[in-house]
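Heads up: the structure comes next, in structure tokens.
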Amino acid sequence: MVKKTALYQQHLQAGAKMVPFGGWDMPVHYGSQIVEHKAVREQAGIFDVSHMTVVDVIGEQSAPYLQWLLANDVAKLSAPGRALYSCMLNNQGGILDDLIVYYVAPKQYRLVVNAATREKDLAWMFEQAEAYSVTVQERQELCMLALQGPAAISIAEQLPIFADVANSLSTLKTFHHLQSGDLFIAATGYTGESGIEVILPAADAQQFWQQALDAGVQPCGLGARDTLRLEAGLNLYGNDMDETTSPLESNLAWTVAWAPEDRDFIGRASLEKQRQEGIKYKLVGVILQERGVLRSHQKVVQEDSQQGEVTSGTFSPSLNLSIGLVRVPTEWVGEVSVIIRDKKLKAKLTQPCFVKQGQAVSNDFA
């Protein structure tokens with residue numbers, strides 16, 4: 001049975017086109033994906049991301065448990081109110097999921113993981129928790145909304161629901177968070193713009209949503225979320241990484257905490273071996289130089305007999321050209337060809353970030 005978020009009726013009232021996604025009925029757009037995309041780049045948009053899975057980890061050994069579970073190290077979170085991005089790996093170093101972990105209080109953390117991997121993630125987390133004095137609790141009663149864009153914070157400061165923390169929002173640093181009653185507010189997002197992601201009860205979520213719309217904020221669906229994240233060069237689980245690829249092969253080596261050397265974590269031995277031997281494939285950006293649209297699974301070729309593949313592709317509304325992420329042999333640089341409808345179209349490999357805070361990024365060859 002497909003699940004519905006607490007804002008389902010609000011989406012219908014706003015004219016959303018609903019589609020199944022990760023086991024949920026979610027809005028893909030509210031009439032125009034391009035309008036929604038540009039609203040986030042130029043002003044602000046609000047997303048219902050309540051399909052994401054919120055998990056609290058509480059207990060005496062919560063930190064050691066997460067240090068074993070995750071490739072990044074929660075010891076980097078020196079004080080409550082901070083957060084970090086990490087991959088959760090299998091024993092072979094493949095990515096089970098990517099997530100954000102928030103340091104809520106001593107012996108208490110909050111994780112947000114992907115909807116499509118919920119059952120697999122929870123089973124893995126519960127299994128690994130058996131060796132530790134911790135409680136792993138899914139918070140199904142909570143919703144999650146994202147207010148994103150250059151004007152997001154200034155708009156949030158004016159909304160009644162944030163009255164108690166309005167003076168703190170503008171000083172909230174990236175990958176930090178604060179709490180006010182039932183509101184959990186984090187300076188994180190998936191668009192390449194400033195903004196906040198808010199975890200809150202259903203009744204408050206409906207209130208937040210309506211206040212944002214009353215303030216002129218554009219409701220945004222999954223379509224705009226995908227083009228925004230791809231312009232920002234952010235990976236999508238299931239496309240750009242999965243259980244068969246490691247962080248080293250997915251442009252996520254920076255999320256692996258190798259130090260201290262005596263910290264073991266799931267998949268470390270496999271990653272150490274891969275780091276010593278070198279990776280055969282890398283994940284980089286690609287810009288199509290001819291007319292066409294990049295899509296997942298299109299083949300990428302160069303002069304040799306090897307092949308790469310587009311993992312994510314789209315037409316960029318901000319740049320007015322086609323962009324994507326590709327997994328290609330490590331030694332490849334410069335010009336490539338993408339096979340689209342049996343034709344070889346010219347493209348170039350780039351750094352995998354195309355737009356940052358609304359501005360085009362100068363892309364050198366990867």
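A short reminder: the numbers here are calculations on the coordinates, not readings from a lab. Bear in mind the structure is a predicted one, so any value in this text is a computation, not a measurement. All Cβ positions, even for glycine, are placed from backbone atoms using ideal geometry, and neighbour counts span all protein chains on display.
The residues of segment 281-298 that are part of a loop (DSSP other than H, G, I, E, B) and either within 21 Å of PRO317 (Cα to Cα) or touching a Ser or Thr at 6+ places or on another chain (Cβ under 6 Å) (or both), listed by number, are GLN289, GLU290, ARG291, GLY292, VAL293, LEU294, ARG295, SER296, GLN298.
Taking segment 325-343 only, how many residues are in contact with a strand residue (DSSP E or B) (Cβ under 7 Å, 6 or more places away or on another chain) and on the phi < 0 side of the Ramachandran plot? Summing the residues that are in contact with a strand residue (DSSP E or B) (Cβ under 7 Å, 6 or more places away or on another chain) and on the phi < 0 side of the Ramachandran plot in segment 325-343 gives 13. Could you check, for segment 72-89, whether at least one of its residues is under 30 Å from GLN13 (Cβ atoms) and surrounded by fewer than 21 Cβ atoms within 10 Å (Cβ to Cβ)? No, because not a single residue in segment 72-89 is under 30 Å from GLN13 (Cβ atoms) and surrounded by fewer than 21 Cβ atoms within 10 Å (Cβ to Cβ).
Under the condition of being in contact with a strand residue (DSSP E or B) (Cβ under 6 Å, 6 or more places away or on another chain) and within 19 Å of SER154 (Cβ to Cβ), the residues counted in segment 29-47 number 5. Within segment 129-145, the presence of a residue that is in contact with a Pro (Cβ under 9 Å, 6 or more places away or on another chain), assigned to a strand (DSSP E or B), buried (at least 19 other Cβ atoms within 10 Å of the Cβ) and not hydrophobic (A, V, I, L, M, F, W, C) is excluded.
The residues listed here are GLU309, GLU290, GLU272; of these, the one that is more than 19 Å from ASP240 (Cβ to Cβ) and free of Cβ contacts under 8 Å to residues at least 40 places away in the same chain is GLU272.
One residue stands out in segment 146-172 among those that are in contact with a helix residue (DSSP H, G or I) (Cβ under 6 Å, 6 or more places away or on another chain) and small (Gly, Ala, Ser): the one that is surrounded by the fewest Cβ atoms within 10 Å (Cβ to Cβ), namely SER170. In the set GLN207, GLN211, only one residue is outside any strand (DSSP E or B), of a type in the set (S, T, N, Q) and surrounded by 17 or more Cβ atoms within 10 Å (Cβ to Cβ); that residue is GLN211.
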